[in-house]
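What follows is one structure encoded as structure tokens, with my remarks underneath.
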Amino acid sequence: MIRSTLSYYNRQRAHDEPPVGGTSEPAGESCDLHVAIIMDGNGRWARQRGRLRTAGHVAGTRAVREAVQSAPQLGITTLTLYAFSSDNWSRPRREVTHLMGLFHRHLESECARLVDGGVRLNVIGRRDRLPAPLGRRIAEVEERTRAGRSLHLRVAIDYSARDALMSAARRLAAGGPQTRQAFERYVSEAIHAPGGTGDVDLLIRTGGEQRLSDFLLWESAYAELFFTHILWPDFTGADLGRAVQVFKGRDRRYGGLSQQSKPSQDPSLQPERAV
């Protein structure tokens, strides 16, 4: 049973492959992409192997490392990873405690690697409910990596897009400037995002589910969505590259017309000029 299940998820890679001859840019070409990933499937990965869920979370950290290492070569300049939602506090206390400890240890062990790789780390989400030692570690690693320029890595911990939007709305209602720029600033301040709320270009979800789960709802208004059955611990840099290649073959219109279908000479559709 386990072997057949693993075979299914391996076949999913072939399903996710972009068509041969599709439009894509060479890997490594700079295109300033913001990619967000909902890292789903750690628990199922562990269950398929007869192991505890916590083993899946540990395996998932290796996939995080590979994604961070691969991102700059794929033209990704901002990578936002969904590590722990505000709703995840409802999970068993033992699992939550393990995750908080894992975050702390991973930040400690990866800090030098991030600095050497020119990666700037920010943790977005609430800070007031995190264990104090983890909060201090986050602040330390953010400070030590602040000069990184090759990749802006954002990790969402105790994050809820709905809560951030409600916080911003309350500030508007209290008399804040009624502008989109002010609203976006309030959202970024609610989630401790000093770099702002930059729009997401590509949102990936692993593990087979097809929902956003309260992640970057404002920032993903025009994001392209990519869903794969590959479980997060099995998601490789090559899989990330395939997702980016599929993204580059899509026609992003932002509510307008595609370049192929835009009328070029119809005077009735041209803007009026002052005479």
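Just so you know, all these numbers are worked out from the coordinates, no wet-lab data involved. These figures come from a predicted structure and were not determined experimentally. Quick reminder, even Gly has a Cβ in these numbers, built from the backbone with ideal geometry, and neighbours come from all protein chains shown.
Assorted remarks:
- Relative exposure of 39, 100, 166, judged by other C-beta atoms within 10 Å (fewest first): 166, 100, 39
- Modelled label positions at residue 236 and residue 91, each set 7 Å beyond Cα in the direction of Cβ, lie 2.6 nm from each other.
- Counted charge near residue 154, where neighbours are those whose Cβ lies closer than 11 Å (Asp, Glu -1; Lys, Arg +1): -1
- Net charge over other residues, Cβ less than 11 angstrom from the Cβ of residue 61 (K, R count +1; D, E count -1): +1
- Shape summary of region 27-250, radius of gyration then Dmax from alpha carbon positions: 17.0, 55 Å.
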